[in-house]
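In what follows, a single structure is set out as structure tokens and then discussed.
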Amino acid sequence: MSSASRTNGRPALAISTLPPLDLDLPATGSAWLVCPDCRNWVEAVRGLVTTHKPGGRRCAGSAQRLALDLTPAQHASRRVAVRAQLHARSSAPVVRTGRAALAGTARQATRRLVVKVDQDLAETAARPSLKARTSMAAAFEDAWLKVKPVPVPAPVQRIAARAAA
């Protein structure tokens, strides 16, 4: 199967053309963006928008190739500039401490998670025959938490076991 058959056939979408507030491009991990077709937050994996089904039907923006023409630092500077313009319109100055900045990042991540959960709930409500799907990373994390650590014998016990054999 060629990689061309895995895409939706459209030309690659440059992430620099997306509004800075509709894109989350962390230094590590997956990028998240607002799908231009359905306006839902979706994850981008390996340069492709993941398949998503708002309302139970596959979105035409699924499997859209992305041209990653911005670095995370460049995107962060664009995002800061847009946020500064938005805050400049308000009359009250905004002062953010380090703790407030971290809280804002946590709120943003929570918002993405809530949107994703709401989308999953809408999908399962539309098609109750579907089982809840999780990403492979979430499945591995759950499995890792369920595994009990293997007891490691003390060094003296290992030496005694070797001597007895």
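The values are calculated or read from the model by the stated rules, or taken from the named source; none is laboratory data. Keep in mind it's a predicted model, so treat the numbers as computed, not measured. Positions of Cβ are generated from backbone atoms using ideal geometry, with glycine treated the same way; all protein chains shown enter the neighbour counts. Side chains are part of the model used for accessible areas, which takes the heavy atoms of the whole protein and leaves out ligands, DNA and RNA. Shrake-Rupley method; radii C 1.70, N 1.55, O 1.52, S 1.80 Å.
Please enumerate the residues belonging to region 6-16 that are surrounded by fewer than 16 Cβ atoms within 10 Å (Cβ to Cβ) and either assigned to a strand (DSSP E or B) or free of Cβ contacts under 8 Å to residues at least 24 places away in the same chain (or both).
Result: Gly9, Ala14.
Looking at (1) modelled with pLDDT of 90 or more; (2) at positive phi, can you tell me which one Trp32 breaks?
(2)
Kindly list the number of the only condition in (1) assigned to a loop (DSSP other than H, G, I, E, B); (2) within 11 Å of the chain's Cα centre (by Cα); (3) in contact (Cβ under 8 Å) with a residue 24 or more places away in the chain that fails for Thr28.
The single condition Thr28 does not satisfy is (3).
Out of region 66-84, which residues are closer than 21 Å to Gly9 by Cβ and either open to solvent by less than 30 Å² (accessible area, probe 1.4 Å) or touching a strand residue (DSSP E or B) at 6+ places or on another chain (Cβ under 6 Å) (or both)?
Leu66, Ala67, Asp69
Is there a residue in region 99-111 that is surrounded by fewer than 13 Cβ atoms within 10 Å (Cβ to Cβ) and modelled with pLDDT of 90 or more?
Among the residues of region 99-111, not one is surrounded by fewer than 13 Cβ atoms within 10 Å (Cβ to Cβ) and modelled with pLDDT of 90 or more, which makes the answer no.
Considering only region 46-58, how many residues are at pLDDT 90 or above, under 18 Å from the mean Cα position of the chain (by Cα) and either β-branched (Val, Ile, Thr) or within 16 Å of Arg10 (Cα to Cα) (or both)?
4
Cβ-Cβ under 8 Å, sequence separation 6+ or interchain: first residue in region 35-55 and closer than 22 Å to Thr71 by Cβ, partner open to solvent by 70 Å² or more (accessible area, probe 1.4 Å) and not in a strand (DSSP E or B). Which pairs?
Between residues of region 35-55 that are closer than 22 Å to Thr71 by Cβ and residues that are open to solvent by 70 Å² or more (accessible area, probe 1.4 Å) and not in a strand (DSSP E or B), the close pairs are Trp41/Lys116; Gly47/Leu68; Leu48/Arg6.
Considering only region 17-35, state which residues are under 19 Å from Arg6 (Cβ atoms) and surrounded by fewer than 17 Cβ atoms within 10 Å (Cβ to Cβ).
Ser30
Among the residues of region 37-50, write down those that are within 21 Å of Leu86 (Cβ to Cβ) and assigned to a loop (DSSP other than H, G, I, E, B).
Result: Arg39, single match.
Are any residues in region 51-65 open to solvent by 70 Å² or more (accessible area, probe 1.4 Å), assigned to a loop (DSSP other than H, G, I, E, B) and of a type outside the set (Val, Ile, Thr), and if so, which ones?
Selection gives Arg57, Arg58.
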